[in-house]
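To start, the structure under review is shown below, and the notes come after it.
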Amino acid sequence: MLEKVKKNDYFCRKNMETDTIRKGIICHLSDDPVEIAGTVDKETGNATYRIAIVPDELTVVENNDSQNGHGFWWLGIAIAVVAAVLLVVRYIWKKKRSNEEKTKQDKQDASLRYELLKHKEIYKKFCKKGYFSTVRKNKLAVVEESEINELCEAVSEIFPTFVEFLNNHGLSAKDFQFCCLMRSGLTTFELSEIYCVSESAIFKRKQKIKSQLELESDQRTLDAIVEEI
C-alpha cells in the first residue's frame, strides 16, 4: 500500500480486511512529496502508517549526478594507479634487460681480451712449460721472475679495468702480481708450482686477498670474481 501525497493533502486508505476507509490529514512533513505505507491490526482495526519524504525530480537528478561524479573520480584514480604500476613494471623490465645486455657484453669483451692475451708471446711461453693446460701434470717447469712480471704486464695492458679495481684497494705489489696471474687463467695448482708452496697455502692467500678487496660477503670464489672484473 503506497501512495504519494503532498503537505496538507488528505490521505485515504482502504482496509483490505474490513472494506472500510480510514482517513487522516498529513501535516507539517515537508514541501516535498512523501511516500506512505500503512498496515492494519486485524484484532483492533487500528492502522499504522510509515511516512517517508520522496525527493523531487531535481533532487534525484542532483543525487544521480553526485553519484556519477564519485564514480568518475574513483575510475580516474583506478586508471592512474594502473598507469603507475605499468610504468614501474616497464622501468624494472628495461633495467633488467639493460643489466642482462651489459653482463652479456662484458662477458664477450672479457672473452675477446682473453683471446688477445693468448696471442702474446709470454702466454705461449707459459704454455710451452705446461701451464694453462686442461690436463693437470705432476710437475711443471720453473718460470723466472722476469717471465712472471712480463705476464703481469700483459694482463695489465689487456684488462685495464681489472688493474684499476686492484689499484683502488691498495694491494701490495706481491698481491697485485698474484691477482694478475689469477686473471691470466692460472689454476690453484699452477700458482702453487710458481710460488713453490702448497695448494692450501694458495687457497689461504686467496681468502686474505678477498678480504682486502672487501668481498667477504660475496659467496663466489675469488677466481670467479676475478674473471668478471
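Among the residues of the stretch 148-184, the ones that are assigned to a helix (DSSP H, G or I), surrounded by 13 or more Cβ atoms within 10 Å (Cβ to Cβ) and in contact (Cβ under 8 Å) with a residue 60 or more places away in the chain come to 2 in all.
The residues of the stretch 188-229 that are open to solvent by less than 60 Å² (accessible area, probe 1.4 Å), part of a loop (DSSP other than H, G, I, E, B) and either in contact (Cβ under 8 Å) with a residue 40 or more places away in the chain or out of contact with any helix residue (DSSP H, G or I) (no Cβ under 9 Å at 6 or more places or on another chain) (or both), listed by number, are L213, I229.
The values are calculated or read from the model by the stated rules, or taken from the named source; none is laboratory data. Not measured: the values here are computed from a predicted model. Here Cβ is always computed from backbone atoms with ideal geometry, including for glycine, and neighbour counts include all displayed protein chains. The protein model used for the area step is the full one, side chains on, heavy atoms only, and it has no ligands, DNA or RNA in it. Shrake-Rupley method; radii C 1.70, N 1.55, O 1.52, S 1.80 Å.
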